[in-house]
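Okay, so here's the structure we're looking at.
The values are calculated or read from the model by the stated rules, or taken from the named source; none is laboratory data. Just so we're clear, the structure is a prediction, and the values are computed from it rather than from any experiment. Virtual Cβ from ideal backbone geometry, glycine too; neighbours counted across all protein chains shown. All accessible areas refer to the heavy atoms of the entire protein, side chains included, with ligands and DNA or RNA removed. Shrake-Rupley method; radii C 1.70, N 1.55, O 1.52, S 1.80 Å.
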Amino acid sequence: MRAGERAYRELRADIVSWRLRPGQVLGEVDLSERLGISRTPVREALSRLTADGLTEPHAGRGVVVSAISADDVRALYELRDTLDCRAAELAAQRGEPQTFRALAEELSHAAEALSDDPDHPAYYELVDRMDAEIDRAAGNPYLRQALAGVRLHLARVRRLSTSNPRRLAVAAAEHEAIARAIADQDPALAVATTRVHLKNALGNALRTPELAPLVPASPVAS
């Protein structure tokens, strides 16, 4: 893997997981030493992260990790409502019912394992798998591309919910309802259940203290 690609993936994962927090200064020299690569691939990685909206220019100090405000989250979910509801509607029209029945069955047991790991990797892997199946069933490459950009930022917001197993248990039930609506080939119900999930997810995200204005942190340690 090219050094620039590796740097991009590592830094993106650190931002999405909040190991690098909003306002954190990302200096080329510090990152070059930390990652053990030259400044050129670091600069390439930072440029891609800025294009993604995960970092932003910071006068005289390179770039910083982009902040996430309540307004940002609301805007993200406005777009999700359009994209996710349409994808679920198309999946209900075009998808394989048995695929979504199997996902619904897995989701019906998902809450049982939520206390096993504070980061809940198995649960999020299942949700990601369901997203991929909806994309595949919808069969629209342009919609899939638009959703990929939204989900990158969603993964960052979603991290704020990992400490709330009660909300995750409810979310698992909401995902199960969406999967069953798609399996039943009911587009209207697929849209309705998706919209309920998005409304609840938005409300939960807006209650997190991490969305308060943040003071820029010191440069990342090498």
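The table below gives the values:
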item	result
Qualifying position, being under 19 Å from the mean Cα position of the chain (by Cα) and modelled with pLDDT under 90, among His153, His197	His153
Cβ pairs under 6 Å, 6+ apart, first in segment 21-32 and free of Cβ contacts under 8 Å to residues at least 40 places away in the same chain, second acidic (Asp, Glu) and open to solvent by less than 10 Å² (accessible area, probe 1.4 Å)	none
Number of the condition not met by Ser69 [criteria: (1) open to solvent by 30 Å² or more (accessible area, probe 1.4 Å); (2) under 21 Å from the mean Cα position of the chain (by Cα); (3) under 23 Å from His120 (Cα atoms)]	(3)
Hits in segment 34-63 - residues which are over 17 Å from the mean Cα position of the chain (by Cα) and not in a helix (DSSP H, G or I)	Gly36, Ile37, Ser38, Glu56, Pro57, His58, Ala59, Gly60, Arg61, Gly62, Val63
Residue check for Thr55: open to solvent by 60 Å² or more (accessible area, probe 1.4 Å) and not hydrophobic (A, V, I, L, M, F, W, C)	no
Matching option when the condition is farther than 30 Å from Ala205 by Cβ, touching a residue at least 40 places away in the same chain (Cβ under 8 Å) and small (Gly, Ala, Ser), among Gly53, Gly36, Gly4	Gly4
Qualifying position, being at pLDDT below 95 and more than 17 Å from Asp186 (Cα to Cα), among Asp131, Asp116	Asp116
Residue under evaluation Asp14, criteria (1) touching a residue at least 40 places away in the same chain (Cβ under 8 Å); (2) closer than 27 Å to Ala146 by Cα; (3) open to solvent by less than 60 Å² (accessible area, probe 1.4 Å); (4) not aliphatic (A, V, I, L, M), criterion not met	(1)
Residue count, segment 17-33 (criterion: part of a loop (DSSP other than H, G, I, E, B) and open to solvent by 70 Å² or more (accessible area, probe 1.4 Å))	2
In segment 139-150, residue modelled with the lowest pLDDT [restricted to those that are assigned to a helix (DSSP H, G or I), over 8 Å from the mean Cα position of the chain (by Cα) and not polar (S, T, N, Q)]	Gly149
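Yes or no, residue by residue, for (1) under 15 Å from the mean Cα position of the chain (by Cα); (2) within 19 Å of Glu176 (Cβ to Cβ); (3) among the small types (Gly, Ala, Ser); (4) open to solvent by 50 Å² or more (accessible area, probe 1.4 Å):
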position	(1), (2), (3), (4)
Val65	no, no, no, no
Val73	yes, no, no, no
Tyr77	yes, no, no, no
Arg94	no, no, no, yes
Glu105	no, yes, no, yes
